[in-house]
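Rule-based calculations on the coordinates, nothing more; no lab input. None of these values were measured; they are calculated from a predicted model. Because the Cβ atoms are built from the backbone with ideal geometry, glycine has one as well, and the counts that use them run over all protein chains shown.
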Amino acid sequence: MFSWMEVLGQWRQGIVYPRWAALAHWGYGEARFLFYPPTSWTLGAALGALLPWKLVPGAYCWIVLTLAGASMYRFAREWLSAPDALFAAAFYAVNPYHLVIVYWRSAYAELLAAALLPVLLLSLLRLKQPGIRPVLCLSLTLAAAWLTNAPAAVMIHYSAAGLAVLLAARERSWRLLSRAGLAVLLGIGLASFYLLPAIFEEKWVNIGEVLALGVRPLDNFLFTTIADVDHNRFNLLVSCVALAEIGIMGLAIWRSHASRGKKETLWMLLTAWGAVTTLVMFSISNPLWQYLPKFRFVQLPFRWLLCLNAALALLLALATRRWLTRALAVAAMLAVLLMASHDIHAPWWDNASDIQEMKEAMLAGSGNEGIDEYVPAGADPYEVNQRLPPITDPSGNAVPVQMIKWGPIEKHFIVQASQPATLTLRLFNYPAWQVAVNDRPVTTSTMEVTGQMLMPVATGQSDVRVHFGRTLDRTIGDIVSAISLILLLAAWIATRPRNTTNATA
C-alpha cells in the first residue's frame with residue numbers, strides 16, 4: 001500500500017512512470033519502481049485515486065480473483081461444458097493458496113499473475129495452429145508476466161519451456177519449440193522498457209537481500225524449520241495447505257486417467273505440470289534451485305502452488321462429474337486451511353485505522369521503512385537518522401538554504417557558503433542522480449555506512465539542482481519495446497482475416 005500511495009502521489013505531481021520511491025526509508029528513497037514490475041502498483045494506485053484507501057485492498061483482491069476466474073473459465077470452455085468450466089473457474093479463483101496470499105502474505109503482484117496461467121496454457125496449445133497469431137498471443141502473455149511479478153515470471157517461463165517440450169514431443173513437431181522460442185524473445189522485447197533497466201541497474205542496489213537468511217529457497221521448502229518461530233509457523237501452515245492440495249491432485253489424476261479420452265494431451269500436460277511443481281517444493285529439488293539460471297530468484301518454493309492450482313482446478317473438473325464429490329474435495333482443502341489458521345498461524349490484516357496512519361505518514365512526508373534489496377549498494381538503511389533535515393553538513397548540522405523544490409525526482413535549492421563546503425543530502429546516492437551547481441555538472445560522493453549523497457559547493461551563492469536522470473539502459477529499453485510493439489502490431493494487422501465477396505454483374 002505504501003507503493004500505491006507513493007505512485008498516486010507522484011502521478012499528481014505529473015510523474016507518469018515513477019522510478020524512484022522518494023518516501024521509502026523515511027525519505028532517503030530507493031529505486032523500487034525500477035525493479036518492481038509496474039502492473040500491480042499501477043492498478044493499486046488507480047484504485048486509490050477512485051476509492052477510500054481502506055477499501056482499496058478488498059477491491060484489488062476482488063478484481064484480481066475475478067480476472068483469475070474469468071481466465072480459467074475461458075480456457076476450460078475449450079475442453080469442458082459450461083457448468084464444469086464454471087466449477088474450475090470458481091475453484092481456481094478462491095483456491096486455498098489464493099486465500100493464503102490474500103489473508104496472510106498480501107503478495108498482491110503474485111496474486112495478479114495467477115490470471116495469466118490459464119492464458120499461458122491456452123496460448124501454448126494454440127501453437128499447433130498455423131499462422132503467426134498464436135505466437136503473438138503467447139508473447140503477450142509472457143510479456144505480461146514480466147510486467148506483473150518477477151518471481152511469477154520466472155515460474156511462468158520455466159513452465160512454458162517444459163510444457164512446450166512435452167507438447168512438441170507429443171505432437172512430434174519440434175517446430176512448436178521454435179515458435180515458443182520466438183514468443184519468448186518477442187515477449188522480452190515488449191517488456192524491455194522494464195526488463196533492461198532492472199537487469200542493468202541490478203548492480204547498483206543491494207539485490208542480494210532477496211536471498212537473505214529466511215527468504216532463501218533453502219529456508220522455505222515445505223516443512224522446513226529455521227531459528228525463527230514466526231517463519232516456522234507460516235511455513236507449517238502453507239506446507240499443510242500444499243500437502244492437502246497435492247493429495248487431492250493425486251486423486252484427481254488417478255480418477256481422470258481412465259476417462260481422459262480426447263483430452264489426453266491436456267491431461268498429460270496438466271499431470272506433468274502438477275508433478276513437477278510438487279517436486280520443486282521439497283528439499284530434494286535443491287540442486288535445481290542452485291544451478292538452474294535465475295531459478296533461485298523465485299525465492300520461496302511454495303510459490304509454485306500458484307502453478308499447481310492452475311493444473312489442479314482443471315484436473316479436479318476432469319476427474320469428477322458429481323457436484324457432491326467436488327464439494328467434498330473443496331471442503332477438505334478448506335478445512336485444512338481453517339484448522340491451520342486456528343491452530344498454527346492466524347491471519348493478520350491491517351484495519352482502517354492502520355491504513356489511515358499509513359496515509360497520514362505519506363502525506364506528512366515522514367515516509368515508510370522501505371525494502372532492503374532496492375537500497376543503493378553499500379548503503380545501510382538501518383543507520384540513517386530519521387529526523388535529519390534535508391540538507392546538512394557532514395556533522396549532521398542543518399545548513400541554511402533557500403528551498404525551492406524538494407520533489408521525488410527533482411531537488412532545487414540555493415545555498416550561500418562563506419567558504420568551500422560539502423553538503424550532505426537526506427538522499428541515498430544512486431548513480432542515476434545528476435547534480436548541477438550553477439548550471440555546471442558536479443561529481444558527488446557517498447557517505448560511508450549511510451550511503452547519503454555528498455556534494456561540494458564553492459564560496460558564495462550556489463544554485464543546486466539534483467535530478468533523477470534518464471540512464472542509457474532505460475532509453476535502450478524503451479526503444480526495444482517500441483520496436484517490438486511495432487513488429488507485433490504489423491504482424492497482427494498483416495494476418496487479420498480478410499472479407500472476400502464475389503462480385504456479381
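Miscellaneous remarks
- Proximal lysines relative to residue 128, as straight alpha-carbon distance under 22 Å, when same-chain residues fewer than 8 apart are discounted: 262, 263
- For segment 143-240, trypsin sites (Lys or Arg not before Pro) meeting the loop criterion (DSSP other than H, G, I, E, B) and having at most 10 other Cβ atoms within 10 Å: 172.
- Rotationally averaged projected area of the chain (alpha carbon convex hull; nm²): 30.2
- Environment charge of residue 266, counting only residues whose C-beta is closer than 12 Å and scoring Lys/Arg +1, Asp/Glu -1: +2
- Remark: 128, 405 ranked as 405, 128, counting other beta-carbon atoms within 10 Å and listing the fewest first.
- DSSP beta bridges fully contained in the chain are about 95 percent antiparallel.
- Within segment 285-380, the GluC sites (Glu not before Pro) that combine a DSSP coil assignment with at most 14 other C-beta atoms in a 10 angstrom radius are 369.
- Cα centroids of segment 248-311 and segment 88-144: 15 Å apart.
- In segment 314-399, the trypsin sites (Lys or Arg not before Pro) that fall in loop regions by DSSP, at most 14 other Cβ within 10 Å: 321, 322, 387
- This ranking places 75, 2 by how few other beta-carbon atoms lie within 10 Å of each, fewest first, which gives 2, 75.
- Its DSSP H runs of at least 4 residues, each contributing -39,500 (n - 2.57), put the calculated 222 nm mean residue ellipticity of the chain at -17000 deg cm²/dmol, to the nearest 500.
- Neighbour counts of C-beta atoms inside 10 Å place 348, 53 in the sequence 348, 53, starting with the fewest.
- Local electrostatic count, residue 38, Cβ distance below 12 Å [Lys/Arg +1, Asp/Glu -1]: +2
- Residues whose amide H lies under 5 Å from that of residue 406, counting only those 5 or more places away or on a different chain, are 412; hydrogens are built 1.01 Å from N in the peptide plane.
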